[in-house]
Amino acid sequence: MPPHKMVLKVGTPIIMIRNLNSDEGLCKGTRMRVVSLREKRIDATIMSGTRRGQRVFIPRIVFLSDDEDKEFPFTLRRKQFPVVPAFAMTINKAEGQSIHSVGIYLESPVFAHGQLYVALSRLTSRKAIKIAIDSRAFDDGGAAHTKNIVYREIFLKHLV
């Protein structure tokens with residue numbers, strides 16, 4: 001369940017947290033930018049994919065507390081917008097999206113096969129990337145390094 005109170009402003013990037021209408025492009029993970037805010041709807045434009053630039057209207061929907069998360073002996077029910085602010089996202093969330101500028105925070109090296117590739121290949125231009133990396137990753141010449149995790153076994157052809 002999303003937070004009880006959410007503060008949004010015009011221009012805020014948001015991401016859908018529920019599937020609402022796949023025909024309109026309102027699916028879980030869709031990134032949008034707020035155009036205007038109304039009491040019962042958010043007007044937004046889709047930021048990436050084939051529907052980039054499309055204007056959409058997001059209504060409030062009913063959220064029910066999960067049965068698995070039984071903090072209370074009853075079910076919580078409330079109406080809320082199915083979005084959260086999206087100033088940052090994980091590398092996995094970025095997969096499949098085209099992003100025009102990005103900052104990547106690599107406090108430590110990526111930990112899964114293909115993650116660094118996914119992070120770097122989302123961009124439409126090399127000039128649009130900024131990477132923050134741990135200062136211990138710099139060598140004596142001032143160049144920064146990180147590990148690209150590759151499981152070579154998946155590239156080997158196994159003879160049966």
Item to check | Matching residues, the range 97-114, being surrounded by fewer than 11 Cβ atoms within 10 Å (Cβ to Cβ) and over 27 Å from MET6 (Cα atoms) | outcome: GLU107, PHE111
Checklist entry - Which members of the range 115-160 meet the condition of being loosely packed, with under 12 Cβ neighbours inside 10 Å, β-branched (Val, Ile, Thr) and in contact (Cβ under 8 Å) with a residue 12 or more places away in the chain? => result THR124, ILE154
Item to check | Set ILE99, ILE149: member being of a type outside the set (D, E, K, R) and in contact with a Lys or Arg (Cβ under 7 Å, 6 or more places away or on another chain) | outcome: ILE99
Checklist outcome for this item: Restricting attention to the range 18-50, the residues that are surrounded by 17 or more Cβ atoms within 10 Å (Cβ to Cβ) and either in contact with a Gly (Cβ under 6 Å, 6 or more places away or on another chain) or assigned to a strand (DSSP E or B) (or both) number exactly 7
Item to check | Selection count, the range 70-119, where residues are in contact with a strand residue (DSSP E or B) (Cβ under 9 Å, 6 or more places away or on another chain) and among the small types (Gly, Ala, Ser) | outcome: 7
Checklist entry - Does ALA94 fit the bill of being aliphatic (A, V, I, L, M) and either surrounded by fewer than 10 Cβ atoms within 10 Å (Cβ to Cβ) or touching an Asp or Glu at 6+ places or on another chain (Cβ under 6 Å) (or both)? => result no
Checklist entry - Mind checking whether some residue in the range 72-93 is within 18 Å of ARG31 (Cβ to Cβ) and of a type in the set (Phe, Trp, Tyr)? => result yes
Checklist entry - So which residues in the range 132-147 are touching a Leu at 6+ places or on another chain (Cβ under 6 Å) and either among the hydrophobic types (A, V, I, L, M, F, W, C) or farther than 21 Å from ALA88 by Cβ (or both), if there are any at all? => result ILE133
Checklist entry - Failed condition for LYS9, given (1) surrounded by 11 or more Cβ atoms within 10 Å (Cβ to Cβ); (2) under 21 Å from the mean Cα position of the chain (by Cα); (3) in contact (Cβ under 8 Å) with a residue 24 or more places away in the chain, with all others met? => result (1)
Checklist outcome for this item: Of HIS113, HIS100, the only residue that is in the same structural domain as LYS147 (by TED's automatic domain parsing) and more than 22 Å from ALA132 (Cβ to Cβ) is HIS113
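The values are calculated or read from the model by the stated rules, or taken from the named source; none is laboratory data. If you're wondering where the values come from, they're calculated on a predicted model, not measured in any experiment. So basically every Cβ, Gly included, is an ideal-geometry build from the backbone, and we count neighbours across all protein chains shown.
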